[in-house]
Ligand SMILES: Cc1cc2nc3c(=O)[nH]c(=O)nc-3n(C[C@H](O)[C@H](O)[C@H](O)COP(=O)(O)OP(=O)(O)OC[C@H]3O[C@@H](n4cnc5c(N)ncnc54)[C@H](O)[C@@H]3O)c2cc1C
């Protein structure tokens, strides 16, 4: 099929979805294509830390300034995606006060509000902290729901005429002298092939930015850094807890709805597709984070997962943590003579809006049009809702609950199904909190399948869909399979073998 658009955006992470919204609000016709569902890359596999900038004030002050500026904007335009928890940077006896004092000064310099708390003040607010702590510095960190954020951007973009094709990957680029003439893409579920012509192409493929550019015979220096995380079966703290020392493994615990996420590691990879969480990473994360919250040693974990950070490497640095968390915007017209191609990569989830604004500004400049950005002013759809669990508690008992762990109502799922564009089970899970809670979908996914069957939406054999789901689920469960997690898995095995004959 032949398609034509003004702007073609490749990649449906936060950056791509943010650009689609920004351009659509400016009235510029745009199409986004994504090889998986929205959030298939780092945007769906991160910590969910709503950065205050505190984590970068000492090592990367420019990234810290971007984070705090966007933190302030997102509180206004996306309050339904954010839990305003605050965060502590905790000093332990082995950390000493030197780094803490530098940290407080660096917060001042980067305009990140920071307030020093004594040991007793910190313990009274977060009783799970180790009693050996020396002090804590409070900053405006929080928790952000990447799924709600990216999908709200996509929804708003659609309202203003933005279009997207999911499960559709770029396979090659046909070049003509100094431009990309045609983009060839393929629907990876049904095999349909597309020839897309666009005046400008934006490479928003995150960690795949270099892979994508190779199709045009170009390169960009990316370092692929894997970060692994563990999810506990309950929420351990009210606030984000960071270690007050130079960035290192196992130095952060982020509350997320009903659970806590422990992170993270930094392991250099060559390939953005094939990776897993190793037993060494699991042990290290538990050992390091339990220094701040001792209960972690005995905690029950429900899942391990990892994501690849898209780090732009301007020069070789020994440690990936030393590479800037800032973003890079490349006009390949200026850099390589390919005048209709732009790359945007690096950055953070929290800076996605700024990245989208700068990319769209560059495009407008190249197209010679005046169309100012409005994403810093216009709230996202859903901004009037309460965030996460608070919203669900409001409607508890008012309709049938499909997922008991995350209080997802049947109506909510039916609403998502009405959109009619979903292509598989994982797409539905991305759009609801189903399978994100303590049982990891063990009890709710077969109920969901019942609904899909009743409404004639289940594509293919139900047992194969369930098997696919269990195989995906298993990847996250295997690294944490000991103690009570084994008992839970035996129960699941009994259910799925006994009831469904799998
Ligand atoms: C372990 C870890 C923890 C993190 N924690 C945080 C945090 O707490 N807070 C925060 O603000 N940031 C965090 N980040 C950073 C943040 O997740 C990323 O910076 C951000 O999500 C990048 O978004 P993106 O849209 O640029 O890339 P991605 O989300 O990776 O999107 C790129 C998309 O391009 C698609 N794609 C690739 N190639 C093609 C192709 N050929 N055709 C079509 N589509 C293609 C991919 O499928 C993918 O969906 C973390 C990152 C990691 C890895």
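Any read-out appearing in this document is the output of simple, stated calculations on the displayed coordinates, not a laboratory observation. Note that the structure is predicted; figures quoted are calculated from it, not measured. All Cβ positions, glycine included, derive from the backbone under ideal geometry; neighbour counts span all protein chains shown.
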Modelling each spin label as a point 7 Å along the Cα-to-Cβ direction, I'd like the residue 189/residue 374 distance in nm, to one decimal.
3.3 nm
Residue order, fewest to most beta carbons within 10 Å, for 451, 342
451, 342
Using 0.36 nm times the number of residues separating residue 270 and residue 116, minus their current alpha carbon distance, what extension gain do you get?
51.3 nm
Between the stretch 61-139 and the stretch 432-466, what is the separation of their alpha carbon centroids in Å?
40 Å
Base-10 log of normalised Debye intensity for the stretch 115-176 (one unit scatterer per alpha-carbon) at q = 0.17, 0.25, 0.26, 0.29 Å⁻¹
-0.75, -1.04, -1.07, -1.14
Calculate the spin-label point distance for residue 235 paired with residue 73, positioning each point 7 Å from the Cα along the beta-carbon direction, and give it in nanometres.
2.8 nm
Using the Cα gyration tensor of the stretch 260-415, with a ≥ b ≥ c the square roots of its eigenvalues, what is the shape: rounded (a/c below 1.5), prolate (a/b larger than b/c) or oblate (neither)?
oblate
Based on the alpha carbon coordinates of the stretch 395-498, what radius of gyration and maximum Cα-Cα distance (Dmax) apply, in Å?
13.9, 41
Checked the chain against the a/c 1.5 cut and the a/b vs b/c comparison, axes a ≥ b ≥ c from its Cα gyration tensor; verdict oblate
On full extension of the chain, what length is gained from residue 59 through residue 280, given 0.36 nm per residue of separation minus the C-alpha to C-alpha distance?
76.9 nm
For a Förster distance of 25 Å, can you work out the FRET efficiency between the beta-carbons of residue 451 and residue 493, rounded to the nearest 0.05?
0.55
Answer check: the stretch 116-271, Cα atoms, Kirkwood Rh, Rg/Rh ratio of 1.12
Report the full-extension gain for the segment residue 178 to residue 461: residue separation times 0.36 nm, less the Cα-Cα distance, to one decimal in nm.
97.0 nm
Alpha carbon centroid spacing (whole Å) that separates the stretch 336-387 from the stretch 183-220:
19 Å
Taking neighbour Cβ counts within 10 Å as the exposure measure, how do 77, 252 sort from fewest upward?
77, 252
Quick one: P(r) of the stretch 1-51 from all Cα-Cα pairs, 10 Å bins, percents rounded to integers, in order of increasing distance.
25, 45, 25, 5, 0
Tell me, 222, 175 in order of fewest to most beta-carbon neighbours within 10 Å?
175, 222
Could you give the distance between the Cα centres of the stretch 279-312 and the stretch 394-417, to the whole Å?
30 Å
